[in-house]
Amino acid sequence: MPLRDIDDLERLKKINVALVSRVERSMDQQGNAFSLFQTAISLENRVRNRTEELHATLRRLEQSNIDLSAAKESAELANLSKTRFLAAASHDVLQPLNAAHLSVSALAEVQASDEGRKLVRQVERSLETMEDLLRTLLDISKLDAGVVQPEIGDVSLEALFSSLRSDFLPEAAKKGLSLKFRPVNVAVRSDRTLLRRILQNILSNALRYTRSGGVLVGTRHRGDTIRIDVADTGCGIPEDQREAVFEEFHRGTSTLADAGLAGGLGLGLAIVRRMAAALGHPVTFSSKVGRGTIFHIDVPVGMAAAEPAVAAADMERPRGYGLFGTKVLLVENDADVLSAMTSLLERWQCLVRAATSTDDALDLLGDTAWVPDIVIADQHLDGGDLGTSTIAEVRDYLGRTVPALIVTADGSEPVAKAARAAGIELMRKPLKPAQLRALLAHLLA
């Protein structure tokens, strides 16, 4: 029915209210839809922003990964360069020092006056101190660079103790101290060279910082571990210096002064800590000021039976110094070292022929009237030649295994392995002439 035909006022009011209500509901629905539309747009914008932020973060992360990879490669190259530098430094820095040692030794042989011999001895002591410092600093650098790789095997402690006894008895006797090693028939799992260096440094400190009494070295079995104890009756280590003693150049000056002792370079225990860490051998100590110190090194028990120490002891006791008339083929490419070594050998009445490379050495053998009794060669020669290869070719030419010795400043394990495999003795530069003479006598005996 059309509205104009309705004359009931109340009815019209109800219709009006119903229409207004419908309009309001319609407007509310439209408002809700618009609100939902606005919310959807807002959410879409927020999602877009978050997505862009995520993409930006991923791009930054990707760039960071690229930067980290480049930094890692740069660090590896730097470490490789450091390794190469250390290898070169070990050889090049120690070469002139070796020449100086040999020249001073030759000079000592011609000194007739007491004053001359005294001056030569002062120079020798200075060279020895310089050598110790250089070797220790190079060792610390190599250990920190991670280029020292232990060669783990069974090590006879009795043989090792015998070697250390031979080295340190003269020093102990000179100071009026006792030095005792308790007998032990056991092998441990370690790197012989590094373990020897650890004990050598601890023993050196023990003797240096002890005025009276002495040093005792012994072992204790602790399950699968052997504890090596080095006990001294020295000045002891104060409580506040127990960690500092392992730092570089720490010498406990006040303690030494109170005891009337002179310190060393302060690097011995720094080397001990680094080598022990490389081997996985815990090093601890107990100490009382004025009464002494006991260092403990825990080493795993070896898997093989201990070797008798007789052979090692015999190797260290030369049978004589009869080098008169010994024919020596000397192969060395450093002119100063070659001259100093030749002079020293000739002072020992040796007949020396010198070469700088493999070809030069073989050319000298063309004289059938001259056959060397022993070959002494540097490892790194002219033209990229290696001393071990030169000795092999000389032996092949002569048709016999002539005694041979590699003298090198290269302390790397591959050189030691190559020498051992070929049955060649090895000595490190700088040489100590007395040790060289003793070894030559032993090889020729």
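Here, each number is a calculation from the coordinates, and none is a lab measurement. Fair warning: this is a prediction, and the values are worked out from it, not measured in the lab. Cβ atoms come from the backbone with ideal geometry, glycine included; neighbour counts cover every protein chain shown.
Odds and ends about this structure:
- All Cα pairs of segment 150-255, percent lying beyond 22 Å: 38
- Trypsin sites (Lys or Arg not before Pro) within segment 397-445, DSSP loop, no more than 10 other Cβ atoms inside 10 Å: R400
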